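Have a look at the structure below, then the notes.
Laboratory data are not the source of any read-out in this text; all were calculated from the coordinates shown. Fair warning: this is a prediction, and the values are worked out from it, not measured in the lab. Don't worry about glycine lacking a Cβ; one is built from the backbone with ideal geometry, like all the others, and counts go over all protein chains shown.
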Amino acid sequence: MNQSRNQTSAASPRRHTAGLFDIRTIIGALLVVYGVILALMGLFADPETDKTGGVNANLWTGVVLLVAGLLFVGWARLRPVVVPTDTGGAETGSAPPSNH
Amino acid sequence: MPTPAVAPLATDTLIDASAVDYLIVAIYFAFVLGIGVMARRQVSESIDFFLSGRSLPAWVTGLAFVSANLGAVEIMGMSATGAEIGMPTVHYFWIGAIPAMLFLGVVMMPFYYGSKVRSVPEFMFRRFGTGAHLVNSISFAVAQLLIAGINLFLLGTVIQALLGWPLLVALLVAAGVVLSYITLGGLSAAIYNEVLQFFVIVAALLPLTLLGLDRVGGWGGLQEKITDAAADNPDTAPAAAQLNSWPGNALSGFDSDLLSVVGIVFGLGFVLSFGYWTTNFVEVQRAMASNSISSARKTPIIGAFPKMFVPFITILPGMIAAVLVAEIAQKKAGETVEGGAGGTVQYNDSLLYLMRDLLPNGLLGMAIAGLLAAFMAGMAANISAFNTVFSYDLWERYVVRDRPDGYYLAVGRLATVAATLIAIGTAYLATNFSNIMDYLQTLFGFFNAPLFATFILGMFWKRMTPTAGWVGLVAGTASAVTVAFLTEDAFGSWSTGLIPVGGQGAAFLAAATAFVVDIVLSVVVSLVTAPKPAAELKGLVWSETPREDLVDPDEASYPWYRRTLPLAGVALAMVVVLNVAF
């Protein structure tokens with residue numbers, strides 16, 4: 001556990017941020033994954049236009065999700081959450097390893 | 001012999017999911033369990049497990065605040081009610097939820113956050129002492145178990161629709177999944193998941209609504225089709241009543257327009273909603289996890305913004321389902337249709353049928369993931385609130401005192417397991433109701449309406465005595481239960497029908513009765529018993545609390561969009577506009 005934490009810290013210069021545990025990173029990652037899957041479905045699978053009324057719903061939703069997901073990841077990267085060391089709460093990426 | 005056991009099972013499923021759909025659902029669960037594992041590393045002391053160490057920013061707790069409530073109530077209940085009666089359902093949001101959420105943020109939250117209580121019953125203890133505390137803790141714990149049962153029931157119906165498993169098996173599997181993720185990570189994981197599922201559910205319901213609107217020919221087409229359907233079936237509410245939110249007779253069940261408006265504003269808007277939002281610790285607990293009093297106050301106010309627009313992706317699909325889905329249209333025309341989650345088609349099934357008819361594989365999987373996530377989050381919220389109240393308010397105070405923190409943490413985990421098992425039982429109670437909103441509102445009337453009466457009186461009237469505290473609660477709940485028995489259907493088949501009110505009007509009536517009985521008895525009892533000394537009421541009663549204790553000193557330096565009152569004003573203005581527009 002400590003090892004993986006240290007690797008994370010070493011890889012990123014922002015040691016005092018929430019890092020991967022930032023909710024925005026998690027939301028962004030999930031939306032990107034879903035966006036890619038849906039867009040691929042829209043491109044390569046049957047769009048089932050009899051159900052959707054002619055719209056390629058998978059493709060459109062996939063693209064929107066992909067963009068939204070990237071925006072979340074970008075937001076988290078540009079404005080990282082800095083966690084005060086003393087709270088030791090849910091978002092901490094900065095608490096001393098001895099706490100864990 | 002080509003698999004005779006599997007073939008009929010597959011045709012029994014309501015939804016025909018493909019491998020991609022299962023993949024999407026599996027990815028969601030991988031994320032959820034991953035959060036649980038990550039959150040677990042952070043959990044050290046009991047305060048972390050229960051209140052997330054008070055370290056979350058306001059926008060996270062604000063979304064969690066709405067998501068904790070975006071479970072069964074919003075998605076299945078609102079679409080079911082939308083399919084049944086149409087636009088008046090929006091009162092649950094624009095008259096019900098929003099004003100109460102703003103009131104919670106502006107007026108109530110400083111008391112909760114400032115007094116550092118861990119639960120609403122704990123607040124009752126400090127204000128009124130043992131009697132009121134015990135009554136409230138027990139009734140709260142019971143209510144959470146019953147509501148967790150509703151969530152579990154709906155979760156089970158989705159699994160059943162998807163896989164065709166028997167309800168009991170579906171319930172057991174669902175309970176197992178919810179249990180594993182609560183025990184893995186506590187409240188932090190629950191809150192993170194709630195925020196995550198909010199995005200998934202919106203991403204699934206928004207395309208569903210847009211596709212549905214497209215298929216019926218836009219809002220104009222929907223109005224036309226509802227008008228035609230209502231003309232064909234005089235037993236349903238007339239088209240005008242289904243397409244306009246006021247006066248909402250179909251919602252309240254009253255014949256008179258004036259009574260209907262009064263019933264909605266006082267019964268739903270004031271007693272039920274204020275009672276629900278301001279005293280429901282499932283919601284309040286989210287705000288308590290934020291990092292400052294300013295964030296705590298902003299939590300319900302930030303939550304009010306997405307909440308305002310939730311009707312467009314829940315009620316609207318329900319209305320669309322009532323004209324687009326053959327089974328729901330037949331049900332609305334008064335026929336009994338085979339199928340659905342429980343053998344015959346119910347309004348509760350509206351959304352599942354609409355998904356079946358409109359969504360291609362892929363989007364379908366995301367919608368299923370969103371529904372599963374929402375019900376799981378709803379149930380997890382009930383269970384974690386139960387667990388807090390059980391371990392601190394009941395076990396620590398009345399059964400085993402003065403043990404180390406780890407002991408109560410262990411009790412909390414055991415309580416979680418027990419609550420999940422009990423919820424499997426209470427899930428069967430929910431099967432008695434064709435529209436689970438009726439059941440839910442009835443429960444809120446029993447538990448939240450008297451609590452709100454006691455709370456508000458105790459907060460603003462320092463003369464109110466400890467005896468009045470518990471007497472009011474007991475009498476309020478008892479009177480609501482009595483009224484529910486006397487109406488046509490507030491208790492499902494157990495009601496006697498002596499009072500000729502049915503539908504949700506019956507729940508409003510029970511709640512209003514509870515509120516009035518509670519207030520009257522509390523005042524009478526207070527006048528003949530001894531009040532607490534004023535010195536003990538600091539931080540608990542409005543007049544005894546210094547104003548500077550109720551605000552965040554830093555808040556004045558924030559820009560307007562980060563301050564409590566301007567945000568609340570904007571939300572209020574928006575909801576007034578919505579009320580006028582529809």
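Quick check on the exposure proxy: order B:Asp214, B:Asp257, B:Asp393, B:Asp235 from fewest to most C-beta atoms within 10 angstrom. Intermediate results must be reported in sequence, preceding the final value.
On the way: B:Asp214 17, B:Asp257 13, B:Asp393 26, B:Asp235 8.
Taking fewest neighbouring Cβ atoms as first place, the list is B:Asp235, B:Asp257, B:Asp214, B:Asp393.
Which order do the peptides B:300-308, B:75-83, B:202-210, B:414-422 come out in when sorted by mean C-beta neighbours inside 10 angstrom, highest first? Mind dumping the intermediate values first?
Working: B:300-308: 24.8, B:75-83: 28.6, B:202-210: 22.4, B:414-422: 18.7.
Top of the packing list down: B:75-83, B:300-308, B:202-210, B:414-422.
Among the lysines, select those whose C-alpha is under 22 Å from the C-alpha of B:Lys298, and discard any that sit fewer than 8 residues away in the same chain.
B:Lys298 reaches B:Lys116, B:Lys307.
At a Förster radius of 56 Å, what calculated FRET efficiency corresponds to the Cβ-Cβ distance of B:Thr13 and B:Leu527, to the nearest 0.05?
On the way: r = 62 Å, r/R0 = 1.11.
Here the calculated transfer efficiency is 0.35.
For region A:20-82, what is the charge dipole size about the Cα centre, in debye to the nearest 20, if Lys and Arg each add +1 at the Cβ and Asp and Glu each add -1 at the Cβ?
Details: 4 positive and 4 negative charges, 78 e Å.
For this selection, approximately 380 debye.
Kirkwood Rh, region A:20-82, all Cα pairs: how many Å? Numbers along the way, then the final one.
Working: mean 1/r = 0.0812 Å⁻¹.
Over region A:20-82, the inverse of the mean reciprocal pair distance is 12.3 Å.
Take the Cβ-Cβ distance between B:Ser115 and A:Asp50 as r, set R0 to 60 Å, and report the resulting FRET efficiency rounded to the nearest 0.05.
Numbers: r = 59 Å, r/R0 = 0.98.
Rounded to the nearest 0.05, the efficiency is 0.55.
Based on the alpha carbon coordinates of chain B, what radius of gyration and maximum Cα-Cα distance (Dmax) apply, in Å?
When restricted to the Cα atoms of chain B, Rg and Dmax are 23.1, 82 Å.
Quick check on the exposure proxy: order B:Glu544, B:Glu74 from fewest to most C-beta atoms within 10 angstrom. Working shown, then result.
Values: B:Glu544 13, B:Glu74 25.
Ranked by crowding around the Cβ, least crowded first: B:Glu544, B:Glu74.
What nm distance separates the two modelled labels at B:Arg401 and B:Asn432, each placed 7 Å from Cα along Cα→Cβ?
Those two pseudo-labels are separated by 3.9 nm.
Around A:Gly54, what is the net charge, scoring Lys/Arg as +1 and Asp/Glu as -1 over all other residues with Cβ under 15 Å from its Cβ? Walk me through the intermediate numbers first.
Values: positive: A:Lys51, B:Arg215; negative: A:Asp46, A:Glu48, A:Asp50, B:Asp214, B:Asp357.
Counting the neighbours of A:Gly54, the net charge comes to -3.
Distance from a point 7 Å along Cα→Cβ of B:Asp257 to each backbone N in region B:560-582: keep the residues under 20 Å and list them by number.
Output list for this probe position: B:579-582.
Modelled label-to-label distance, B:Leu23 and B:Asp235, 7 Å Cα→beta-carbon offset: nm?
4.6 nm
Which order results if B:Lys298, B:Lys116 are arranged by neighbouring Cβ count within 10 Å, fewest first? Numbers along the way, then the final one.
Values: B:Lys298 28, B:Lys116 11.
So the residues, fewest neighbours to most, are B:Lys116, B:Lys298.
Within the set of other residues whose C-beta is less than 12 Å from the C-beta of B:Thr344, count the net charge using Lys and Arg as +1 and Asp and Glu as -1. If you can, show how the numbers build up before the last one.
Numbers: positive: B:Lys331; negative: B:Glu327, B:Glu335, B:Glu338, B:Asp349.
Around B:Thr344, the surrounding residues sum to -3.
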